[in-house]
Structure formats: structure tokens, C-alpha cells
Amino acid sequence: MQRILLNISGVHVAIESEWREIIDILSKDFWSFLYKNESNSMTNADMILIKIHKTGMIPKMPSLVASMQTTNAITYDLGGKRFCDYYGSAYTDIDFKKDISNVYGTEFDRVHEISYLLILSRAGKKLDTLGLHKLHAFAVSFEEVAFVCMMPSKGGKSTLLIELLKDSRVKMISDDIPLVDTWGRIHAFPLKLGLNEKPKNFNIDNEAENLYSMKRAFFGEKFLICTRGLPGKIEKTEKVFDKIILAEAFRYNSVASLILDSSWLKTSKGLFKHGVLGLGSPIILEYFWQTGVRDFVIKSIIFLLRAFAFGMLGFRAKKIKIYSGKRPDETAKEIIKYLEHQKRLSLR
């Protein structure tokens with residue numbers, strides 16, 4: 001039995017499996033959060049426990065009417081337990097009270113994807129209650145300033161991030177979901193870096209080990225870079241930024257790119273979509289959305305906490321709009337010039 005421990009910004013997750021390859025790949029996904037020394041004071045009650053089983057045989061599911069059905073899975077509820085059938089490709093069950101989940105399957109890529117999203121879903125809900133909220137955006141640091149950029153899906157987020165990281169002064173805060181605290185500050189959340197295509201002209205340490213892929217059920221193959229493969233380019237998980245430039249970027253049918261000042265009102269629409277609602281964030285709905293009065297209250301509190309936090313981020317940050325042209329490398333250069341200019345202004 002293989003076991004790894006994660007400390008995801010204060011939320012502890014234990015992952016157990018006899019399937020070594022799954023443990024290895026999840027270790028790469030969460031490399032920056034691997035916790036090497038288990039505390040003697042840490043008990044199972046303090047953890048989210050996820051057990052992954054390499055088998056197509058599962059314990060018999062009870063005869064129940066489906067409580068939820070999506071293109072992803074059919075979900076059944078019984079008391080504080082939930083059972084999910086991924087249309088025969090995998091099965092899971094979760095005890096919400098004990099926060100213990102089991103994943104069953106033999107298809108490596110499907111089990112990898114479900115396990116990864118399960119971890120983020122359960123940890124993300126706990127982070128919400130602790131006042132740390134995920135924003136669907138990428139974020140980098142530039143000389144102690146956090147540059148956070150919201151973009152629509154398929155907007156070229158990862159390509160632009162790669163271009164920015166080619167500058168020696170830039171480090172990755174998060175490729176997809178930086179955390180925002182109650183007072184609108186940015187917390188580093190450096191998961192693996194995900195790309196739709198293999199990166200070109202980008203240095204990866206020990207590429208054979210640190211460049212790998214996830215074949216997703218509905219969105220195709222995604223190439224991933226373990227943070228271990230980017231030494232000196234990743235912010236530490238405990239890093240917090242109170243100086244923030246918040247951008248909302250849009251595709252621009254031009255070779256040139258434009259950067260314009262924006263307002264709280266205009267930016268708040270993007271923050272509501274990408275932060276308060278969390279659209280685009282990597283979660284599995286069936287592991288975040290529970291039934292019952294208690295969970296309704298928890299979700300209502302989470303909504304209010306998010307609204308306050310992202311409102312504070314909107315007030316705290318300098319807000320801009322980016323119209324990103326056809327060449328991401330040129331857009332990155334314009335962003336770096338803008339960040340340099342803001343740095344000079346702050347020194348005056």
C-alpha cells in the first residue's frame with residue numbers, strides 16, 4: 001500500500017493506493033504540497049482520506065433512485081453517503097461525515113482525472129470555509145507584485161503564462177486557481193502547469209520525468225509540467241501578496257495588444273463569474289454540492305464569504321483590461337513593459 005500526504009494550504013489530505021502509478025502521478029500533480037513528515041498530532045479526523053482501488057469490482061451499491069445525473073456521472077445518496085457511477089468507467093463512494101472517499105477503476109487516465117478533481121473538490125470546500133477562495137485565473141509574481149489574469153475558457157491562458165515565465169523575473173503563483181483570502185490578498189497555489197500543446201522553447205528540468213499528460217474524458221489530452229521541473233520559477237505555497245494587478249483579458253483580432261485601465265464595476269463582473277460562482281474552476285460537482293439543510297447553510301455562507309473576498313480584491317487591486325492580440329509572445333512583452341512601468345511609478 002502506497003501513501004502520500006498533502007498539506008493544501010492548511011487542509012490535510014491522505015491518499016492511499018496499491019496502484020503505484022496513480023500515486024506517482026498524483027505526487028507530480030501536487031508536488032508543491034507534498035508533506036513528507038506526518039505530524040504525531042495529526043489524526044484521521046483531521047484529514048480528507050482518499051483510497052484508490054485498481055479494480056473493476058466494487059461493493060454492491062444499494063437500490064436507490066438517482067439524486068443527480070450529469071454527462072459525467074449518475075449520483076445516488078443514502079444518508080451521509082454518496083455513490084457515483086461514471087457510466088461504467090469508474091465508481092466512487094464518499095462518506096461525507098468522515099470525509100473518506102473510495103475510487104474504483106481500471107482505466108488509468110479516468111481514475112487519474114477523477115482522483116485529481118476529487119482532491120481539489122473536497123479540499124476546495126474546506127478552504128472556502130477557512131476563508132481561502134479559488135479564482136479561475138492564472139497568476140504570476142513580478143518583483144513582489146502579483147499579476148492575476150482572468151480569461152475565458154480557450155482564451156490562451158496557459159500559452160500566455162508560458163511566455164511570461166520566460167522572463168527571469170517572473171514566477172508562477174498558480175496556473176489556474178490562485179487563492180484569495182478574506183481581505184483580497186493573493187495566496188500562492190502552485191499546482192502542476194497544464195497546457196493544451198507540448199511547450200516549445202521552454203526549459204523543463206528533467207523533461208522525461210516532469211512533462212507528462214492527463215487524458216481527460218470530455219476535454220481531450222492535456223500536457224502537464226510538474227512544479228519540480230521548474231526550479232526557481234515557482235512561488236512557495238506560503239507566499240502572500242497584497243500588491244496586486246488584476247487583469248481581465250480578451251482575444252483581440254489584431255497583431256497588436258492593448259492594455260487599458262479598468263474600473264471596479266467592470267472588473268466585478270469577471271470576479272463574480274470566475275470567483276464567486278467559480279465557473280471554470282477544476283471541481284467535480286458531485287463532491288462539492290451536497291444535499292440537506294446543513295449543507296445549504298454552508299454553501300450560503302461560502303457564497304457570502306466569496307462575495308466579500310472578491311469584492312475586497314476588486315478594491316485592493318489595480319484593475320486593467322487586456323486585449324490580447326494574435327501573438328502571445330508580443331502580449332507577454334506588453335504585460336512585462338506595463339509591470340516595469342508600474343514598478344517605476346511605485347518607486348517615485
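Every read-out reported here was derived from the displayed coordinates using simple, explicitly stated rules and does not represent laboratory data. Because the structure is a prediction, the values reported are computed rather than measured. Glycine also receives a Cβ, built like all others from the backbone with ideal geometry; neighbour counts cover every protein chain displayed.
Calculated on the Cα set of segment 147-265, radius of gyration then Dmax: 15.2, 46 Å.
Could you calculate the contour length gain from Lys269 to Ser67, that is, 0.36 nm times the residue separation minus the distance between their Cα atoms, to one decimal place in nm?
Between Lys269 and Ser67, full extension yields an extra 69.5 nm.
Neighbour counts of other Cβ atoms within 10 Å put Val293, Val148 in the fewest-to-most order Val293, Val148. Projected label points at Ala217 and Asp242, each 7 Å from Cα along the beta carbon direction, are separated by 4.4 nanometres. Taking the helices alone, the chain has a mean residue ellipticity at 222 nm of -9000 deg cm²/dmol, built from -39,500 (n - 2.57) per DSSP H run of at least 4 residues and averaged over all its residues.
If we count other beta carbons within 10 Å of each Cβ, what is the order of Glu163, Glu21, Glu238, fewest first? Please report the intermediate quantities before stating the final value.
Values: Glu163 22, Glu21 13, Glu238 9.
Lowest count first: Glu238, Glu21, Glu163.
Expressed as a fraction of 2.2 N^0.38 Å, the C-alpha radius of gyration for segment 202-282 is 1.49. Protection proxy ranking of 113-122, 9-18, 202-211, by the mean of other Cβ atoms within 10 Å over each peptide's residues and highest first, is 113-122, 9-18, 202-211.
Hydrodynamic analysis of segment 2-131 uses the Kirkwood radius over alpha carbon pairs. Inserted into Stokes-Einstein at 20 °C and 1.002 mPa s, it gives a translational diffusion coefficient of 140 µm²/s.
According to the calculation over all Cα-Cα pairs in segment 166-205, the P(r) per 5 Å bin from zero is 6, 18, 20, 25, 15, 9, 4, 2 %. Membrane-span-like helices in the chain, defined purely by DSSP H runs whose alpha carbon atoms cover 30 Å or more axially and whose average Kyte-Doolittle hydropathy reaches 0.0, are 293-316.
Once you sort the root eigenvalues of the Cα gyration tensor of segment 45-102 as a ≥ b ≥ c, which label holds: rounded (a/c under 1.5), prolate (a/b larger than b/c) or oblate (the other case)?
Oblate is the answer for segment 45-102, as a/c is 1.5 or above yet b/c matches or exceeds a/b.
Here the simple spin-label model places points 7 Å from the Cα toward Cβ, and for Phe296 and Glu209 these points are separated by 5.2 nm. Under a 5 Å amide H cut-off, with hydrogens placed 1.01 Å from N, Ile48 pairs with His12, Val13, Ala14 among residues at least 5 apart or on other chains.
For segment 133-347, what proportion of DSSP beta bridges, expressed in % and rounded to the nearest 5, is antiparallel? The antiparallel proportion sits near 70 percent.
From the square roots a ≥ b ≥ c of the eigenvalues of the alpha-carbon gyration tensor of segment 202-348, which class results: rounded (a/c under 1.5), prolate (a/b over b/c), or oblate? Here segment 202-348 falls in the oblate category. Computed from the alpha carbon positions, the gyration tensor of the chain leads to an equivalent ellipsoid with semi-axes of 35, 23, 19 Å, biggest first.
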